[in-house]
Amino acid sequence: MLIKPTPDLRESEVTPRELYLRRREFIGAAGAAAAALATGAMAPGEAAAQNPSAQKLANLKKSSFSTTETMNSYRDVTTYNNFYEFGLDKGDPARHAHSLKPRPWSIKVEGECAKPGTYNLEDILKWFPLEERIYRMRCVEAWSMVIPWNGFPLADFVKRFEPTSKAKYIEMRTLLDLRQMPGQTEPALVWPYREGLRMDEALHPLAMLAVGLYGEVLPNQNGAPIRLVVPWKYGFKGIKSIVSVKFVEKEPLNTWQQTRADEYGFYANVNPDVDHPRWTQKTERRIGEFFRRKTLPFNGYGDQVASLYAGMDLRKHY
Ligand SMILES: Nc1nc2c(c(=O)[nH]1)N[C@H]1C(S)=C(S)[C@@H](COP(=O)(O)O)O[C@H]1N2
Ligand SMILES: [Mo]
């Protein structure tokens with residue numbers, strides 16, 4: 001294990017009761033302001049969720065973008081994670097992400113736009129109705145899941161800040177805080193985690209910002225309180241715990257390019273024809289299944305997104 005317990009918070013000292021109280025605190029703070037997060041109504045998928053103290057999300061609109069494939073269990077989705085700020089093992093985020101404090105939270109919006117500023121997440125949540133979108137997700141490590149996300153279109157968020165004609169790309173960053181994210185004391189990646197999208201990708205209706213899953217507020221290990229979801233790209237594009245959004249003219253670097261330029265590019269579109277230098281991308285293992293599946297171009301979302309890349313060589317622009 002890469003992450004050693006921090007001196008001020010050893011895992012053995014965190015009793016379930018403390019965790020419970022901390023969650024109550026979070027619920028109180030969030031509940032006061034966010035009308036979109038009102039409790040009460042039965043949320044889709046609620047029966048399958050397994051965190052009885054998690055805050056339920058109400059009035060989730062169903063989306064026609066949802067797949068009808070069988071969803072992975074709440075347990076799969078919340079205990080098999082990549083979130084290097086909390087360690088490199090798949091189980092580390094669920095074990096260690098309690099040190100992250102997702103409320104209060106704000107997002108700094110800067111760069112080429114008419115409405116830069118620092119916005120409270122509670123206010124942002126009042127702007128958009130929440131949807132449930134069940135998406136196929138595929139990690140670059142050749143495993144996949146089907147996850148019912150709750151959130152809103154990234155396009156609606158982007159347009160709110162009125163990007164200028166110079167805004168060709170959008171760059172997002174994760175929180176940098178060694179106390180909340182102890183994995184950042186290790187040089188596993190270049191911190192803070194950052195990702196980018198071309199503006200037309202960011203405006204594509206499939207791209208979303210998620211604040212929940214399975215009808216409940218996003219667990220810390222999945223990127224609380226707000227993270228990106230881009231279902232036609234490898235999972236690492238889905239940057240977690242976003243604190244800043246910048247509209248820029250030039251293609252921004254992302255963390256994986258910065259860390260391993262020989263293995264990762266900017267676009268990261270799911271492409272079964274381009275092997276990773278260390279493994280095949282032709283097939284994938286759906287978590288919970290025994291036999292491998294064939295990986296589909298753009299993770300099966302080609303009909304919707306292939307036109308974004310017309311004329312581009314996707315072997316070169318990986
Ligand atoms: N800040 C941050 N965001 C991140 C990562 C990370 O390590 N740090 N890992 C990425 C990778 S590789 C994947 S596959 C997805 C995993 O999201 P999930 O754990 O919710 O399935 O988050 C992505 N976003
Ligand atoms: Mo990933």
task = Just grab the label-to-label distance for Lys90 and His317, each label 7 Å out from Cα along the Cβ direction, in nm (one decimal).
result = 3.3 nm
inquiry  = Amide H of Tyr267 versus every other amide H placed in the peptide plane: which residues, excluding those fewer than 5 positions away on the same chain, fall under 5 Å?
reply    = Tyr318
task = Residues in the range 127-145, backbone N under 19 Å from the label point at Arg285 (7 Å along the Cα-to-beta-carbon vector): list them, ranges by number please.
result = 137-145
ask   = Expressed as a rounded percentage, what relative contact order does the range 49-197 have, with Cα pairs under 8 Å and six or more residues apart?
value = 25 percent
task = Give a residue-ordered list of calculated ³J(HN,Hα) values for the range 158-171 (Karplus: 6.51 cos²θ - 1.76 cosθ + 1.60, θ = phi - 60°; whole Hz; x for Gly, Pro).
result = 4, 4, 3, 9, 6, x, 7, 5, 7, 7, 9, 9, 10, 10
ask   = Can you sort Ser244, Ser106, Ser144 by how many other beta carbons sit within 10 Å, fewest first?
value = Ser106, Ser244, Ser144
Whole-number percent relative contact order across the range 222-318, with pairs defined as alpha carbons under 8 Å at least 6 apart = 25 percent
inquiry  = Give me Val109, Val274 sorted ascending by neighbouring Cβ count inside 10 Å, so fewest comes first.
reply    = Val274, Val109
note = The extension gain from Asp200 to Asp275, computed as 0.36 nm times the residue separation minus the Cα-Cα distance, is 24.4 nm
inquiry  = Past 32 Å, Cα to Cα: identify those pairs from Lys108/Lys294; Lys61/Lys233; Lys56/Lys316; Lys240/Lys282; Lys166/Lys294, in the order given.
reply    = Lys108/Lys294; Lys56/Lys316; Lys166/Lys294
task = Please report Glu110, Glu216 as a ranked list, fewest other C-beta atoms within 10 angstrom at the top and most at the bottom.
result = Glu110, Glu216
ask   = When the Karplus curve 6.51 cos²θ - 1.76 cosθ + 1.60 is applied with θ = phi - 60°, which whole-Hz ³J(HN,Hα) does each residue of the range 51-58 get, with x for Gly and Pro?
value = 10, x, 9, 6, 6, 7, 9, 9
inquiry  = Please compute the modelled spin-label separation between Ala188 and Lys168, points set 7 Å along Cα→Cβ, answer in nm with one decimal.
reply    = 3.4 nm
key: Eligible aspartates and glutamates near Lys101 by straight Cα distance, threshold 12 Å, same-chain separation 8 or greater   = Glu25, Asp177
remark   = Share (percent) of C-alpha pair distances in the range 172-311 greater than 25 Å works out to 33 percent
Cα-projected label distance for Asp303 with Arg260, points at 7 Å along beta-carbon direction, nm = 3.4 nm
query = Sequence-distant or interchain residues sharing an amide H contact under 5 Å with Gly111, placed H: which?
reply = Phe247
remark   = For Val140, other-chain or 5+-apart residues with amide H closer than 5 Å (H placed, Pro excluded) are Gly235, Phe236
task = For the range 69-82, just list the computed ³J(HN,Hα) in residue order, Karplus coefficients 6.51, -1.76 and 1.60, θ = phi - 60°, integers in Hz, with x standing in for Gly and Pro.
result = 5, 4, 6, 6, 6, 3, 5, 4, 5, 10, 10, 10, 10, 10
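Values in this text are rule-based calculations from the coordinates and carry no lab data. Note that the structure is predicted; figures quoted are calculated from it, not measured. Methodologically, a virtual Cβ is constructed for each residue, glycine included, from the backbone with ideal geometry; neighbour enumeration extends over all protein chains shown.
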